[in-house]
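Enquirer: Structure provided below as structure tokens; questions to follow.
The values are calculated or read from the model by the stated rules, or taken from the named source; none is laboratory data. Note that the structure is predicted; figures quoted are calculated from it, not measured. Here the Cβ positions follow ideal geometry from the backbone for every residue, glycine too, while neighbour counts run over all protein chains shown. Just the protein is used for accessible areas: all its heavy atoms, side chains included, with ligands, DNA and RNA removed. Shrake-Rupley method; radii C 1.70, N 1.55, O 1.52, S 1.80 Å.
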Amino acid sequence: MTPASETLTPQTLVPRELDVRPILRSGGEPFRAIMEAVNGLKPGQAFRLFAPFRPQPLFKVMEGRGFAHEAQEIEGGDWEVLFTPRQTGAPVEASADADDLSVWSDPVEHLDLTELDPPEPMVRILAAAERLRPGDVLFALLSREPIFLFPELAKRGHQWAGNFDETRTTFRMFVRVGTPKA
Amino acid sequence: MPGATLSPWTMSYFSAACLFLVIGQGMMAAGYGYPAADVHAPVTLAVVHILAIGWLGLLMVGALLQFVPVLVAAPLRGRRLALPALGFLILGLLLLVGGFAALAGVEGMSPGLLPFGGLLLVTGFGLVTIMIAATLFAARPLPLPARFIAVGLGALVATILVGAIFTLVLSGAVTHDAAIALVLDAVPLHAALGLAGWLSFTAIGVSYRLLPMFMLAPDEPRATSRAVWWTGAAALALVIACVTAIALGGAAVKWALALAALFAVFAVVLYSTDLVLLFRARRRKSVELNIRASYAAFAALFFAAVLFALPTTRSAAGEGAAAIVYLFVFGWLTGLGLAQLYKIVPFLTWLEYYGPVLGRAAVPRVQDLVEEKRAGVWLCLYYGAVAAATLSLFTDSPAVFRIALVAQFGATVGLIVELVRARALSMVAPPMRYPAGAPSSISFFRSLDHRSNQ
């Protein structure tokens, strides 16, 4: 079996797109929408932004989160910026059956489990997965890689993908609830 | 796929290890071995090997089979070898002890058992080395804790090969000069390679991963941790070079051994600072009993190193620095082993039994499987007895030593009873003990991974 972590490269992920021009036109503040979109990125996924100006301050913010940027002016004086995660981050690991992350829906539940003692994060994630419907995705932050959780998720038919952030202090993972097996 | 499953035979290794710990300490409490007999007397050697191979060796192997995959986030290679290896190790140890008994004059035993025991031990530890080394090799580049284990395995191989040569000489099968020279000069080096190289270095490596996990402390490797690895590995390389020099007909170079000792003490001091820093950086304010008991073991390691480094205390420690070795084996290695078992056994039991129903039924927490207060009393008694026994060896008071040994034996048995109760789920409140969907039974000798699809 080929490890899924080798086949699951960022190239297989379609960049997520966000157009903030309508928000700005209606007098809104786009930063919140941008950050929500960025927080919802799959591991390794790129982010494409459309804005009516060159979003210089955002470059610094995204730089801090480990994203390189490529900005180009498009017609009408608007700008298109592609933020790509740097390859320096930990490689993405995933369950064997996690095929195309880009078709996964946005997470319906966010869990911050970084302050919990093991094995409590495992209990919380499995309990949340029981609550959700098949196809739902949950996002969790942990302080370490939940090594013992992975086989249990696989056994229950759930898919997962995750990796460490750039500082290697937080493990981020998506779990996509499967149809019950056992 | 990444992830670690339950190692099915780890619990078997632990059960056997605890049995040998009870036997070994029981024999000591009954007056067998040093100080009633000589340090090099066959009866002392029998007790030492029951404890070093039967207790500490099996304990370490069982723990590695479970935790090396966790350390490198990759599955264990050759997992089918785990059970045969256990069989070889137990049988080999029994033959070895039988051979020592023959040397001690026990009728019906023959010194000819020694090389057979040696052969089986080489086979058993060889299989273990293959499993762990293949797992590590496939997971390169290795994180720092795993690099400690790699060096520990090297020390294990050296220890076992030297030990096997000893069995050939002691049984009279081999009369080669170089082999005899090894028996005459390399016994302390054999002990150092086994206790400090294989057991301690490996334990230090695993602790660098487990302590941050249990205390919620950052586990990024520090410069000091890397320095512990380098100085410790250098010390072991020097010892192995000296053993080789003796085997080639020369003699151990005095300065090389002194340098190795200096490196080893330095490594312990660095490791101790790491431990203090880790403890201070923990996010979990109140730590569990297993951590508190582990820190008692770390203190024993530190004191053993200091007592060894000072010429006056080293010469006062008796034949072969026995008092310091005692503190090292029982305060540091055995203390740490018991403390970690007190965490690992409930955790693995919890995972095996409640893992399949997590999120689907109300389950107890891991800490509900144990009763820390009672175990805390046993651990206090244990460490108190070890301290008293060590002191009595320094002051040459055999009567106090025997009393301390009996107390230590009692505390050990008390702790093992606590482990059995945790494994039997007997401390879990009845409504939660057997949730629907959980496995129907639990074995003391084998873990069934109900979670794997294999």
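Enquirer: State which residue is nearest to the chain's Cα centre (by Cα) when the search covers only region B:68-86 and only residues that are more than 17 Å from B:ARG140 (Cα to Cα) and open to solvent by less than 20 Å² (accessible area, probe 1.4 Å).
Expert: Within region B:68-86, the match that is nearest to the chain's Cα centre (by Cα) is B:LEU86.
Enquirer: For region A:38-46, check the following and say yes or no: at least one residue is over 30 Å from A:VAL177 (Cα atoms) and within 18 Å of the chain's Cα centre (by Cα).
Expert: Scanning region A:38-46 turns up no residue that is over 30 Å from A:VAL177 (Cα atoms) and within 18 Å of the chain's Cα centre (by Cα).
Enquirer: Considering region A:156-182 alone, what residues qualify as being within 12 Å of another protein chain (Cβ to nearest Cβ) and crowded, with 18+ Cβ neighbours inside 10 Å?
Expert: Correct list: A:ARG156, A:HIS158, A:GLN159, A:TRP160, A:ALA161, A:GLY162, A:ASN163, A:PHE164, A:PHE171, A:MET173, A:VAL175, A:VAL177.
Enquirer: If I filter region B:103-136 down to residues being among the polar types (S, T, N, Q) and touching a residue at least 24 places away in the same chain (Cβ under 8 Å), which single residue comes out as nearest to B:MET60 (Cα to Cα)?
Expert: B:THR129
Enquirer: Okay, next question. Somewhere in region B:288-305, is a residue farther than 28 Å from B:ILE50 by Cβ and either outside any helix (DSSP H, G or I) or in contact with an Asp or Glu (Cβ under 7 Å, 6 or more places away or on another chain) (or both)?
Expert: Yes, some residue in region B:288-305 is farther than 28 Å from B:ILE50 by Cβ and either outside any helix (DSSP H, G or I) or in contact with an Asp or Glu (Cβ under 7 Å, 6 or more places away or on another chain) (or both).
Enquirer: Another question about this same structure. Assess whether B:ALA146 counts as being outside the structural domain of B:PRO75 (by TED's automatic domain parsing), at pLDDT 90 or above and farther than 21 Å from B:VAL243 by Cα.
Expert: yes
Enquirer: Are any of the residues in region B:288-301 out of contact with any Leu (no Cβ under 8 Å at 6 or more places or on another chain), closer than 21 Å to A:LEU113 by Cα and surrounded by fewer than 21 Cβ atoms within 10 Å (Cβ to Cβ)?
Expert: Looking for residues that are out of contact with any Leu (no Cβ under 8 Å at 6 or more places or on another chain), closer than 21 Å to A:LEU113 by Cα and surrounded by fewer than 21 Cβ atoms within 10 Å (Cβ to Cβ), one finds at least one in region B:288-301, hence yes.
Enquirer: Right, something else. Does B:ARG446 satisfy the condition of being open to solvent by 80 Å² or more (accessible area, probe 1.4 Å) and more than 21 Å from B:ILE344 (Cα to Cα)?
Expert: In short, no.
Enquirer: Also, quick follow-up: Return yes when B:PHE100 is away from chain A (no Cβ under 14 Å), under 15 Å from B:MET131 (Cβ atoms) and either in contact with a Leu (Cβ under 7 Å, 6 or more places away or on another chain) or free of Cβ contacts under 8 Å to residues at least 12 places away in the same chain (or both) and no when it is not.
Expert: Judged against the criteria, B:PHE100 is not a match.
Enquirer: Further question: Would you pick out the residues in region B:330-372 that are within 11 Å of chain A (Cβ to nearest Cβ), in a helix (DSSP H, G or I) and small (Gly, Ala, Ser)?
Expert: Result: B:GLY355, single match.
Enquirer: Mind checking which helices (runs of 4 or more DSSP H) fall wholly inside region A:53-168 and carry at least 1 residues that are under 24 Å from B:LEU348 (Cα atoms) and touching a residue at least 24 places away in the same chain (Cβ under 8 Å)?
Expert: Those helices (runs of 4 or more DSSP H) span A:120-131, A:149-155.
Enquirer: Take region B:219-246 and flag every residue that is touching a residue at least 24 places away in the same chain (Cβ under 8 Å) and among the aromatic types (Phe, Trp, Tyr).
Expert: Once the filter is applied, which keeps residues that are touching a residue at least 24 places away in the same chain (Cβ under 8 Å) and among the aromatic types (Phe, Trp, Tyr), region B:219-246 yields only B:TRP229.
Enquirer: Right, something else. Identify, please: which residue in region B:213-260 is surrounded by fewer than 16 Cβ atoms within 10 Å (Cβ to Cβ) and among the basic types (Lys, Arg) and is, among those, farthest from the chain's Cα centre (by Cα)?
Expert: Selected residue: B:LYS254.
Enquirer: Right, next: Can you name every residue in region A:130-143 that is at the interface with chain B (Cβ under 7 Å from one of its Cβ atoms) and either at pLDDT 90 or above or open to solvent by 30 Å² or more (accessible area, probe 1.4 Å) (or both)?
Expert: A:GLU130
Enquirer: What single numbered condition from (1) open to solvent by less than 20 Å² (accessible area, probe 1.4 Å); (2) more than 30 Å from A:PHE150 (Cβ to Cβ); (3) modelled with pLDDT under 95 fails to hold for B:LEU96?
Expert: Exception for B:LEU96: condition (3).
Enquirer: Kindly establish whether A:GLU93 is surrounded by 16 or more Cβ atoms within 10 Å (Cβ to Cβ), within 11 Å of chain B (Cβ to nearest Cβ) and acidic (Asp, Glu).
Expert: yes
Enquirer: Report yes if B:SER392 is among the polar types (S, T, N, Q) and closer than 19 Å to B:TRP332 by Cβ, otherwise no.
Expert: yes
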